[in-house]
């Protein structure tokens, strides 16, 4: 199992959640699906020359409310989950963390 976490604009959470569920990444033990946590965070970034930012002005620090989505999925599904997030995410380079989990 792996844990995947990503920061997205709040208006993209539902679209990404629905697409991730279609891949099977949000299914737990075959008994539940749409299993994902969402929390509000405040992100910051500064676009540098050559960037194509979704939000913010070149060279200026930008801060915005974002949603942190996190879920666990089977290791064999994580590549499909990442591809799904990248396909739908509006950021030029989304932050996607994949964390291996230790199983007992």
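All of the numbers you see were taken from the coordinates with simple rules; none came from a lab. Just so it is clear, the model here is predicted, and its values are computed rather than measured. FYI the Cβ positions are ideal-geometry reconstructions off the backbone, even for glycines, and counts take in every protein chain you see.
Criterion first (more than 30 Å from residue 103 (Cβ to Cβ) and under 12 Å from the mean Cα position of the chain (by Cα)) does residue 86 satisfy it?
When the stated conditions are applied, residue 86 does not pass them.
State the number of residues belonging to the stretch 56-76 that are out of contact with any helix residue (DSSP H, G or I) (no Cβ under 8 Å at 6 or more places or on another chain), closer than 18 Å to residue 96 by Cα and surrounded by fewer than 14 Cβ atoms within 10 Å (Cβ to Cβ).
Let us first name the residues in the stretch 56-76 that are out of contact with any helix residue (DSSP H, G or I) (no Cβ under 8 Å at 6 or more places or on another chain), namely 56-64, 68, 70, 72, 74-76.
Checking which are closer than 18 Å to residue 96 by Cα leaves us with 64, 68, 70, 72, 74-76.
Still in the running and surrounded by fewer than 14 Cβ atoms within 10 Å (Cβ to Cβ): 74-76.
The total comes to 3.
Looking at 65, 76, 83, which one is closer than 17 Å to residue 39 by Cα and not in a loop (DSSP other than H, G, I, E, B)?
Being closer than 17 Å to residue 39 by Cα and not in a loop (DSSP other than H, G, I, E, B) holds for just one of 65, 76, 83, which is 65.
Which condition breaks for residue 40 when tested against (1) in a loop (DSSP other than H, G, I, E, B); (2) surrounded by fewer than 17 Cβ atoms within 10 Å (Cβ to Cβ); (3) free of Cβ contacts under 8 Å to residues at least 40 places away in the same chain?
(1)
Go through the stretch 86-99 and give me each residue that's out of contact with any strand residue (DSSP E or B) (no Cβ under 7 Å at 6 or more places or on another chain) and either in a loop (DSSP other than H, G, I, E, B) or closer than 22 Å to residue 30 by Cα (or both).
Once the filter is applied, which keeps residues that are out of contact with any strand residue (DSSP E or B) (no Cβ under 7 Å at 6 or more places or on another chain) and either in a loop (DSSP other than H, G, I, E, B) or closer than 22 Å to residue 30 by Cα (or both), the stretch 86-99 yields 90, 91, 92, 93.
Mind checking which pairs have a first residue in the stretch 51-80 that is free of Cβ contacts under 8 Å to residues at least 60 places away in the same chain and a second that is loosely packed, with under 15 Cβ neighbours inside 10 Å and assigned to a helix (DSSP H, G or I), Cβ under 8 Å, 6 or more apart or different chains?
The qualifying pairs are 65/10; 66/10.
Tell me, yes or no, whether the stretch 23-35 has at least one residue that is in a loop (DSSP other than H, G, I, E, B), farther than 24 Å from residue 78 by Cβ and touching a residue at least 12 places away in the same chain (Cβ under 8 Å). Steps first, answer last, please.
Initially, the stretch 23-35 is screened for residues in a loop (DSSP other than H, G, I, E, B), giving 24-27, 29-31, 33-35.
Then keep just the ones that are farther than 24 Å from residue 78 by Cβ; that gives none.
So far as the stretch 23-35 goes, no, none of its residues is in a loop (DSSP other than H, G, I, E, B), farther than 24 Å from residue 78 by Cβ and touching a residue at least 12 places away in the same chain (Cβ under 8 Å).
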